[in-house]
Amino acid sequence: MRVRSTVLSMSTSRTGNLSTRRALAGWEIWEIDLSRNMLRRARAKLPAAHLLEADLSSGLPDGRPESFDRIVPGYVFQHFGDPTKIDLILQMTASLTDRGLLLVTSIAFETDAQLFSVRESAGETWDLSEHGWVANRMIPSLIEKGLAVRFEPFPIAEALSSSAPESDG
């Protein structure tokens, strides 16, 4: 009998596309979100998922399995300063199976200079309550805590411009 892999997804998003793909592949899905509305949307797409409404500022909630094969915090970390991000990441990695992976998918910057440049360009549209994920600050702190870390920036602007369909003329 094959053991089902488990994934913990945070910030379910409007689409739930990543979790939907995992569910179709036979994964056991656990979703955490602060928003009851987002969890309702997740329930519509993922009827077999385990859903938990929780505020992650106080850590991972009770009522979940002890370990996961994958943990994927979506658009979560921008709500927290670096010390809270590190605490959450340590809790998450402690909740992984031996071969488990934590895959942080977030808007991120390699340096503070990049973050400040984007913030300045955005002007009044930038939400000042959000904290950026800055790799050159976070990675040394996480390595110091004993974690193996790899940062792979994904240039979303390039991806969006290159995905436009070609015109026939």
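Selection within segment 95-115: residues that are out of contact with any Phe, Trp or Tyr (no Cβ under 9 Å at 6 or more places or on another chain) and assigned to a helix (DSSP H, G or I). The member of this set that is farthest from residue 9 (Cα to Cα) is 113. For segment 133-147, the count of residues that are at pLDDT below 90 and under 23 Å from residue 10 (Cβ atoms) is nonzero. Checked against the criterion of being free of Cβ contacts under 8 Å to residues at least 24 places away in the same chain, closer than 26 Å to residue 144 by Cβ and surrounded by fewer than 17 Cβ atoms within 10 Å (Cβ to Cβ), the candidates 55, 82, 62, 98 yield just one match: 98.
Listed by first and then second residue, the pairs with beta-carbon distance under 7 Å, at least 6 apart or on different chains, first residue in segment 119-131 and without any contact (Cβ under 8 Å) to a residue 60 or more places away in the chain, second assigned to a helix (DSSP H, G or I), are 126/119; 130/78; 130/79; 131/78. Every test in (1) among the hydrophobic types (A, V, I, L, M, F, W, C); (2) under 15 Å from residue 82 (Cβ atoms); (3) outside any loop (DSSP other than H, G, I, E, B) is passed by residue 147 save one, and that test is (3). On the stretch given as segment 40-61, residues that are in a loop (DSSP other than H, G, I, E, B) and either more than 14 Å from residue 10 (Cα to Cα) or touching a strand residue (DSSP E or B) at 6+ places or on another chain (Cβ under 8 Å) (or both) total 7.
Residues that are over 17 Å from residue 102 (Cβ atoms) and either part of a loop (DSSP other than H, G, I, E, B) or at pLDDT 85 or above (or both) within segment 13-27 comprise 13, 14, 15, 16, 25, 26, listed in sequence order.
Here residue 92 fulfils each of the conditions (1) part of a helix (DSSP H, G or I); (2) in contact with a Ser or Thr (Cβ under 6 Å, 6 or more places away or on another chain) apart from (2).
The values are calculated or read from the model by the stated rules, or taken from the named source; none is laboratory data. None of these values were measured; they are calculated from a predicted model. Quick reminder, even Gly has a Cβ in these numbers, built from the backbone with ideal geometry, and neighbours come from all protein chains shown.
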